[in-house]
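See structure below.
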Amino acid sequence: MKKAVQKENLPLPAPVLDDKDMAILRLLQQNARATVREISDTVHLSTTPVHERIKRMEEAGVIKQYATLLDHAKVKKGLMVICYVSLKQHNKTAGAKFIKAIQEMNEVVECYNISGDFDFMLKVMAENMDDYYNFHVNKLSEADNIGNVQSVFVMGVIKQTHQLVY
């Protein structure tokens, strides 16, 4: 018997997106709850090709997920803080340990590995200053290998979008 050849987990190449795909993506970005029928009426295709295109884009990872965007103030997360973090040690093990710790902190809603004076940029959501202080002192600062943390408090949101296709 021949052994089955195991495929490597290589990323799929990005699919070629035509104008109809881009139109579908624009509509889904504006309203992820739009029905296939509503989309098909707008892009002037029947429902079956629209459904197939959406499924293809989901399978290819173009569409990663569907989400509900919340008003942070109305769910008691009125304080937004950008934290710049530098690590003491810069090696693969230390970095992986920090990333694992950040993944477990619910207050951190976004984390980016950045260049420059700091290693990471975190977007942290808290109820208020006391809540953030508790997070900073009892969670973030307790993570291994933290060198320096600089907190920048967001005073107002001028533009916030998740649209990539326009």
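The values are calculated or read from the model by the stated rules, or taken from the named source; none is laboratory data. All of these numbers come straight from a predicted model, not from anything done at the bench. Using ideal geometry, Cβ is built from the backbone for each residue, glycine included, and neighbour counts are taken over all protein chains shown.
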### Which numbered condition Leu164 misses (of (1) in contact (Cβ under 8 Å) with a residue 12 or more places away in the chain; (2) over 22 Å from the mean Cα position of the chain (by Cα); (3) loosely packed, with under 10 Cβ neighbours inside 10 Å)
(2)
### Query
If you go through the range 153-160 one residue at a time, do you hit one that is surrounded by fewer than 17 Cβ atoms within 10 Å (Cβ to Cβ), modelled with pLDDT of 95 or more and not in a loop (DSSP other than H, G, I, E, B)?
yes
### Query
So how many residues does the range 138-152 have that are of a type in the set (D, E, K, R) and assigned to a helix (DSSP H, G or I)?
1
### Message
Given the criterion in contact (Cβ under 8 Å) with a residue 24 or more places away in the chain, surrounded by fewer than 17 Cβ atoms within 10 Å (Cβ to Cβ) and touching a helix residue (DSSP H, G or I) at 6+ places or on another chain (Cβ under 9 Å), identify the matching residue among Met129, Met80, Met125, Met105.
### Response
Met105
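Each row is one residue, and each column tells you yes or no for (1) surrounded by 10 or more Cβ atoms within 10 Å (Cβ to Cβ); (2) of a type in the set (Gly, Ala, Ser); (3) touching a Lys or Arg at 6+ places or on another chain (Cβ under 7 Å); (4) at pLDDT below 85.
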| site | (1), (2), (3), (4) |
| --- | --- |
| Lys3 | no, no, no, yes |
| Glu8 | no, no, no, yes |
| Pro11 | no, no, no, yes |
| Ala14 | no, yes, no, yes |
| Arg26 | yes, no, no, no |
| Asn31 | yes, no, no, no |
| Glu38 | yes, no, no, no |
#### Entry: Residues that are of a type in the set (Asp, Glu) and within 16 Å of His90 (Cα to Cα), drawn from the range 112-143
Asp117, Asp119
#### Entry: Qualifying positions in the range 41-100 - of a type in the set (Ser, Thr, Tyr) and over 23 Å from the mean Cα position of the chain (by Cα)
Thr42, Ser46, Thr47, Thr48, Thr93
